[in-house]
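K.L.:
Before we start, here is the structure in question, set down as structure tokens.
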Amino acid sequence: MSEQTSRSVSLSHSEFTRLYFLTRELNEFPAERLQGFGCDAEELEDLLSRLRSARRQSKEHGEAHRLTLVFSTTLPESDAAPALARDGDNHTRAAPAHMTVTVPASVAQWWAPAARWVLHAHSPREISLRTGYSTDELREALATLPD
């Protein structure tokens, strides 16, 4: 397996949620600006769809203790459906211990730089109003992404 197909990042549920809200803000900027990071509108929408699906699964099944973002050149058949894993018995009401979200490997090249740019494009107050998190909380979550 190449490095590109096996790259992954482990996150807490809180870090994942903060990344989701920060990434969602990329939609507020012109496509031309995002292209400067190597991101096109279709790829951003695909990423957001995968993240929304994971958040939806999390709400339906309970917050996973850890989430793994897998940056892969080979995507699962159900592209946006995250995989859930539970510790112990498989009681349907128990929160999953782990969730895996697979995203295209190409996302790893632009996600962190584009998200950092969003942080710099807004004042701390504005980014807090838009995401519900402080700049420091968002930077902490952003530090989990590969550069």
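The values are calculated or read from the model by the stated rules, or taken from the named source; none is laboratory data. The structure presented is a predicted model; accordingly, all values stated were derived computationally and were not measured. Every residue, glycine as well, gets a Cβ built from its backbone with ideal geometry; the counts of neighbours run over all protein chains shown. To get the accessible areas, we keep the full protein, side chains included, count just its heavy atoms, and leave off ligands, DNA and RNA. Shrake-Rupley method; radii C 1.70, N 1.55, O 1.52, S 1.80 Å.
K.L.:
Under 20 Å from a point placed 7 Å out from the Cα of A41 along the Cα-to-Cβ direction: which residues of the range 114-130 have their backbone N that close?
P.N.:
Label zone hits: 114-115, 118.
K.L.:
Now for a different question. Please give the net charge around S134, taking every other residue with its beta carbon less than 11 angstrom from that of S134, where Lys and Arg add +1 and Asp and Glu add -1. Before the final figure, lay out each step's value.
P.N.:
Numbers: positive: R18, R125, R139; negative: D136, E137, E140.
Once all neighbours under 11 Å are counted, the net charge is 0.
K.L.:
Testing the spin-label approximation: label points 7 Å from Cα along Cα→Cβ at S12 and A143. State their distance in nm.
P.N.:
1.2
K.L.:
So if each residue of separation counts as 0.36 nm, and I subtract the Cα-Cα distance between S134 and F29, what length gain in nm does that give?
P.N.:
Numbers: separation 105, 0.36 × 105 = 37.80 nm, distance 2.02 nm.
Here the segment from S134 to F29 would lengthen by 35.8 nm.
K.L.:
Rounded to the nearest whole Å², what accessible area per residue is found for the range 27-72 with the 1.4 Å probe? List each step's numbers first, then the result.
P.N.:
Numbers: 2450 Å² over 46 residues.
On a per-residue basis, the range 27-72 sits at 53 Å².
K.L.:
Need one value: the accessible area of W111 in square angstrom, 1.4 angstrom probe, rounded to the nearest 10.
P.N.:
0
K.L.:
Suppose R0 equals 30 Å; then what is the FRET efficiency for R66 and L119 from their Cβ-Cβ distance, rounded to the nearest 0.05?
P.N.:
Details: r = 24 Å, r/R0 = 0.81.
Efficiency for this residue pair is about 0.80.
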